[in-house]
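What follows is a short report on a single structure.
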Amino acid sequence: MLRREFMKLAVAAGLGLSAGGTALAADMPAPFDKPEEVKIALVRYLSTGDFFQSYLSGVERQAEALGVDLRVLDSRQDAALQADMVDQAIALGVDGIIIQHGLTESMKAAAQRAVDAGIKVVAFDVNVENDAVPQVEQSDYLLGKLALEQAIKDNGDSFTAGYVYVPGIAPLDRRDVAWKEVKDANPGITEAAMFGTLDNPIANSVANQARAVLQANPTINVVFAPYDEFAKGVKIAVDEAGLNQDIAIYSADVSTADISAMREPDSAWKATVATNPAVVGEVCVRTLALMLAGGDPGKQVVVPPTLITQAFLNEQDVKNMDELGKKMPQFQHADVSVAEWIPLPAR
């Protein structure tokens, strides 16, 4: 449906499209009048888990729709290597770089080096403290806020919580702001334990921590785990301890595997708040494309999130991300960083 509507709009605007969905070069602004000569790089810090695989697929699909040359550099959570990879991208002569996650202290200088080299840079979920670099985000504050509002709706404003958090990661830090605000506004909420790790595999590493935390804090009845790999780990520990009917888990982000986990009988995972990570990936590429064509996408590019409850998934019999997109149209496309000349990926 979205594809057909785009084709209608393209015809109305006089925008030529090739059969593959890429706008014809004659109708594209420079440098996209020669898209095969446009090189962009995705420099990744985090890549483990369904969210990041889906995000990558969105980046790849939008890059393909534009017809540009995409290079993917994956540091696998090595901050120093990620900074080196930005330098590698600069040496490759790319026109634009997307920095996906990372640490401010290592990415700030690396991003500046790219800007100094005349390269357009977009940052997703990492604060590089640079006015020349737009920040693409999922409104991480709202991700946390909406999940916690659902926790209060389900459990009241007095409960004992476990909190999974790793400081220094921009999206988790923004979600932490919501956690602190909700705690301050609801003195009946007690934080019994804070824990968390990004050691690979993340879910299993968090599960190891959660086992000890739940054993040491038997009064915990709510866990706020604002990243789906965190939630998976907590769920493993909760299930092993037979506490799935005594503890409720609230998270952020979603994938087909998450949907399956939330829909298991008596699953402790009650709600998550998310955007479609593939859509976020597409938005990052479109934001970079706008900059390369001389446009200004703004300092902050926000993809709005949506609350997804276990009850909704069960009532609508949602089994995967495709079905979620059909039940929640905002999961198919975000009307963010769009332009008539930018072709959307096929749906």
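The values are calculated or read from the model by the stated rules, or taken from the named source; none is laboratory data. Here the structure is a predicted model, which means the values were calculated and not measured. For neighbour counting, all protein chains shown are included, and Cβ atoms are generated from backbone atoms with ideal geometry for every residue, glycine included.
Restricting the stretch 163-178 to residues that are in contact (Cβ under 8 Å) with a residue 60 or more places away in the chain and in contact with a helix residue (DSSP H, G or I) (Cβ under 8 Å, 6 or more places away or on another chain), the residue that is surrounded by the fewest Cβ atoms within 10 Å (Cβ to Cβ) is G168. Regarding K299, is this residue loosely packed, with under 12 Cβ neighbours inside 10 Å and not aliphatic (A, V, I, L, M)? Against the criterion (loosely packed, with under 12 Cβ neighbours inside 10 Å and not aliphatic (A, V, I, L, M)), K299 qualifies. So is V238 surrounded by 17 or more Cβ atoms within 10 Å (Cβ to Cβ), in contact (Cβ under 8 Å) with a residue 24 or more places away in the chain and out of contact with any helix residue (DSSP H, G or I) (no Cβ under 6 Å at 6 or more places or on another chain) or not? Spelling it out, V238 is indeed surrounded by 17 or more Cβ atoms within 10 Å (Cβ to Cβ), in contact (Cβ under 8 Å) with a residue 24 or more places away in the chain and out of contact with any helix residue (DSSP H, G or I) (no Cβ under 6 Å at 6 or more places or on another chain).
Results for (1) surrounded by 23 or more Cβ atoms within 10 Å (Cβ to Cβ); (2) in contact with an Asp or Glu (Cβ under 8 Å, 6 or more places away or on another chain); (3) not assigned by TED's automatic domain parsing to the domain that holds L92, shown as yes or no for each residue.
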{"residue": "A123", "(1), (2), (3)": "yes, no, no"}
{"residue": "N130", "(1), (2), (3)": "no, no, no"}
{"residue": "L148", "(1), (2), (3)": "yes, no, yes"}
{"residue": "K153", "(1), (2), (3)": "no, no, yes"}
{"residue": "D157", "(1), (2), (3)": "no, no, yes"}
{"residue": "K180", "(1), (2), (3)": "no, no, yes"}
{"residue": "D184", "(1), (2), (3)": "no, no, yes"}
{"residue": "T190", "(1), (2), (3)": "no, no, yes"}
{"residue": "M194", "(1), (2), (3)": "no, no, yes"}
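Conditions (1) under 21 Å from V126 (Cβ atoms); (2) out of contact with any Cys (no Cβ under 9 Å at 6 or more places or on another chain), marked per residue:
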{"position": "D253", "(1), (2)": "yes, yes"}
{"position": "E282", "(1), (2)": "yes, yes"}
{"position": "V285", "(1), (2)": "yes, yes"}
{"position": "V301", "(1), (2)": "yes, no"}
{"position": "Q316", "(1), (2)": "no, yes"}
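Exactly one residue out of D317, D335 is within 19 Å of the chain's Cα centre (by Cα), assigned to a loop (DSSP other than H, G, I, E, B) and without any contact (Cβ under 8 Å) to a residue 60 or more places away in the chain, and it is D335.
Exactly one residue out of A91, A114 is assigned to a helix (DSSP H, G or I), without any contact (Cβ under 8 Å) to a residue 12 or more places away in the chain and either out of contact with any Gly (no Cβ under 6 Å at 6 or more places or on another chain) or closer than 29 Å to N320 by Cβ (or both): that is A91.
Among the listed residues V254, V223, V213, V234, which satisfies the condition of being in a loop (DSSP other than H, G, I, E, B) and in contact with a strand residue (DSSP E or B) (Cβ under 7 Å, 6 or more places away or on another chain)? It would help to see each step written out before you state the result.
On the way: V223 fails: in a loop (DSSP other than H, G, I, E, B); V213 fails: in a loop (DSSP other than H, G, I, E, B); V234 fails: in a loop (DSSP other than H, G, I, E, B).
So the residue among V254, V223, V213, V234 that is in a loop (DSSP other than H, G, I, E, B) and in contact with a strand residue (DSSP E or B) (Cβ under 7 Å, 6 or more places away or on another chain) is V254.
Can you say whether E282 is under 23 Å from K327 (Cα atoms), touching a residue at least 12 places away in the same chain (Cβ under 8 Å) and of a type in the set (D, E), as far as the supplied structure shows?
yes
So is G325 surrounded by 13 or more Cβ atoms within 10 Å (Cβ to Cβ), outside the structural domain of P171 (by TED's automatic domain parsing) and either without any contact (Cβ under 8 Å) to a residue 60 or more places away in the chain or assigned to a loop (DSSP other than H, G, I, E, B) (or both) or not? The answer is yes for G325. Filtering the stretch 111-125 to residues that are under 14 Å from V43 (Cα atoms) and acidic (D, E) leaves only D125. Out of all the residues in the stretch 268-283, is one or more touching a His at 6+ places or on another chain (Cβ under 9 Å) and among the polar types (S, T, N, Q)? Looking for residues that are touching a His at 6+ places or on another chain (Cβ under 9 Å) and among the polar types (S, T, N, Q), one finds at least one in the stretch 268-283, hence yes. For the stretch 146-185, the set of residues classified as under 20 Å from K270 (Cα atoms) and assigned to a loop (DSSP other than H, G, I, E, B) consists of G156, D157, S158, Y165, listed by residue number.
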